[in-house]
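S.K.: After the structure tokens below, expect a handful of questions from me.
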Amino acid sequence: MVNTTTYDYAIVGGGLAGLSLAIQLRKLHLNVVLFEKESYPFHRVCGEYISMESWNFLVGLGVPLNTLNLPLIDTLNVSAPNGKLLTHKLPLGGFGISRFKLDYLLFQLAQKLGVQVQTDCMVMDVKDNQIKTTKGVFEAKHTIGTWGKRSKIDAALTRDFLQPKNRKLNNYVGVKYHVKGNLPANTIALHNFKNGYCGISKIEDNLYCLCYLVKGNELKKANGNIKKMEENLLMKNPFLKKYFTEFPSAYHKPLSISQISFEPKTQQEQGIVMVGDAAGLIAPLCGNGMSMALHASVLLAKQIALVQQENKPYAQALVAYEKEWKLQFSNRLKAGRIIQSLFGNPTLTNMLISALKPFPTLVNALVKQTHGKPF
């Protein structure tokens with residue numbers, strides 16, 4: 001099937017970056033098609049804490065955050081593998097909401113505005129103005145990549161971060177549960193274990209998002225058995241032992257994703273401009289990947305508005321977007337990689353948590369390295 005409509009913009013990926021960008025482009029009266037391989041609503045492997053820097057933006061899009069009775073989070077707990085705990089007040093703070101709920105709200109807004117959302121539709125290839133999908137061929141003047149942590153299109157584009165030389169930060173496994181528990185609603189906790197860390201924070205409906213990241217070789221040692229790995233590795237941290245033994249899961253089985261890479265990425269590839277995780281992925285230990293995705297959509301939408309309203313050449317708009325993207329996020333991503341490299345080694349992590357406890361000003365400086373300002 002060949003779709004006869006030529007869209008102004010095709011957006012590949014229906015997560016936060018893609019949906020929020022589609023909404024902004026429709027408000028510019030552009031003809032937009034968005035491709036998502038799943039069907040809404042659905043769960044994603046993702047920590048579900050969002051920095052308050054994104055609150056006003058989401059409300060401005062039309063997401064009714066003020067009416068959802070969401071947990072507001074202002075305290076960070078970080079534990080070492082030995083159970084040593086660091087507690088710190090978050091200067092800006094955040095809120096908890098599941099991707100199941102937030103993505104679905106954005107999807108509904110996009111549809112209401114007239115975005116042509118193609119669900120259950122996988123993009124196989126993008127060449128020139130043609131997008132080849134499992135639902136046929138679509139045409140668009142411009143294509144934007146907003147897929148998630150890893151996609152088949154990354155391989156099709158032979159992106160550099162997938163090359164064999166990039167191994168150090170290129171083989172992580174993410175696992176996520178929604179659990180029933182009894183923890184302070186205003187707290188996000190990050191608990192370290194050998195070669196990984198686990199976050200837990202409250203979301204809607206009295207549930208908690210429990211999501212962890214671990215080096216792929218640890219799952220391999222457990223013969224691919226997630227439960228066995230959790231028992232042998234994660235539960236050595238006393239906090240995690242409590243969660244995994246006392247907090248029942250709302251899932252029949254955990255969600256998981258493999259081969260996650262935190263290597264630097266490009267913001268353009270073969271004529272496709274990247275937004276969100278497709279442009280660069282921050283370590284979950286540092287939080288705010290979702291806020292970064294939303295913020296990046298604003299940066300690109302502003303440049304596209306100049307293309308529409310002031311006849312700015314599209315090529316110049318992309319150069320300006322890439323420059324602004326690096327200005328806003330490059331240092332945050334570098335800080336994230338450095339902080340991630342300091343954790344995972346039990347001896348080093350135990351020492352680091354103990355060393356940081358007496359110096360809240362230093363902890364505050366580290367937190368600020370990974371958070372932005374409201375946009």
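The values are calculated or read from the model by the stated rules, or taken from the named source; none is laboratory data. Note that this is a predicted model, so its numbers are computed, not measured. Don't worry about glycine lacking a Cβ; one is built from the backbone with ideal geometry, like all the others, and counts go over all protein chains shown.
S.K.: I need the full set of residues from segment 190-209 which are basic (Lys, Arg) and more than 28 Å from LEU68 (Cβ to Cβ), in order please.
M.R.: Listed by number, the list holds a single entry, LYS194.
S.K.: Restricting attention to segment 219-229, report how many residues are without any contact (Cβ under 8 Å) to a residue 40 or more places away in the chain, surrounded by 15 or more Cβ atoms within 10 Å (Cβ to Cβ) and under 26 Å from the mean Cα position of the chain (by Cα).
M.R.: Total meeting the criteria: 1.
Every residue, every condition in (1) more than 20 Å from PHE100 (Cβ to Cβ); (2) in contact with a Cys (Cβ under 6 Å, 6 or more places away or on another chain), yes or no:
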{"residue": "HIS191", "(1), (2)": "yes, yes"}
{"residue": "ILE203", "(1), (2)": "no, yes"}
{"residue": "ASN206", "(1), (2)": "no, no"}
{"residue": "LYS215", "(1), (2)": "yes, no"}
{"residue": "LYS221", "(1), (2)": "yes, no"}
{"residue": "ASN225", "(1), (2)": "yes, no"}
{"residue": "PRO238", "(1), (2)": "yes, no"}
{"residue": "LYS242", "(1), (2)": "yes, no"}
{"residue": "PHE247", "(1), (2)": "no, no"}
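S.K.: Another one. Of (1) closer than 22 Å to PRO360 by Cα; (2) under 18 Å from the mean Cα position of the chain (by Cα); (3) of a type in the set (Val, Ile, Thr), THR75 satisfies all except one. Which?
M.R.: Of the numbered conditions (1) closer than 22 Å to PRO360 by Cα; (2) under 18 Å from the mean Cα position of the chain (by Cα); (3) of a type in the set (Val, Ile, Thr), the odd one out for THR75 is (2).
S.K.: Has segment 99-108 got any residue that is farther than 16 Å from SER51 by Cβ and more than 19 Å from the chain's Cα centre (by Cα)?
M.R.: Within segment 99-108, one or more residues are farther than 16 Å from SER51 by Cβ and more than 19 Å from the chain's Cα centre (by Cα).
S.K.: If I ask for residues that are modelled with pLDDT under 95 and under 17 Å from ALA279 (Cβ atoms), which ones from segment 1-49 would you list?
M.R.: Answer for segment 1-49, where residues must be modelled with pLDDT under 95 and under 17 Å from ALA279 (Cβ atoms): just CYS46.
S.K.: Okay, next question. Of the residues in segment 18-67, how many are surrounded by fewer than 24 Cβ atoms within 10 Å (Cβ to Cβ), outside any helix (DSSP H, G or I) and touching a Ser or Thr at 6+ places or on another chain (Cβ under 6 Å)?
M.R.: Within segment 18-67, residues that are surrounded by fewer than 24 Cβ atoms within 10 Å (Cβ to Cβ), outside any helix (DSSP H, G or I) and touching a Ser or Thr at 6+ places or on another chain (Cβ under 6 Å) number 1.
S.K.: When segment 198-243 is examined, which residues are found to be of a type outside the set (A, V, I, L, M, F, W, C) and closer than 20 Å to ASP74 by Cα?
M.R.: Once the filter is applied, which keeps residues that are of a type outside the set (A, V, I, L, M, F, W, C) and closer than 20 Å to ASP74 by Cα, segment 198-243 yields GLY199, SER201, LYS202, GLU204, ASP205, ASN206, TYR208.
S.K.: Does segment 246-258 hold any residues that are within 15 Å of the chain's Cα centre (by Cα) and either in a loop (DSSP other than H, G, I, E, B) or within 30 Å of LYS326 (Cβ to Cβ) (or both), and which are they?
M.R.: ILE257, SER258
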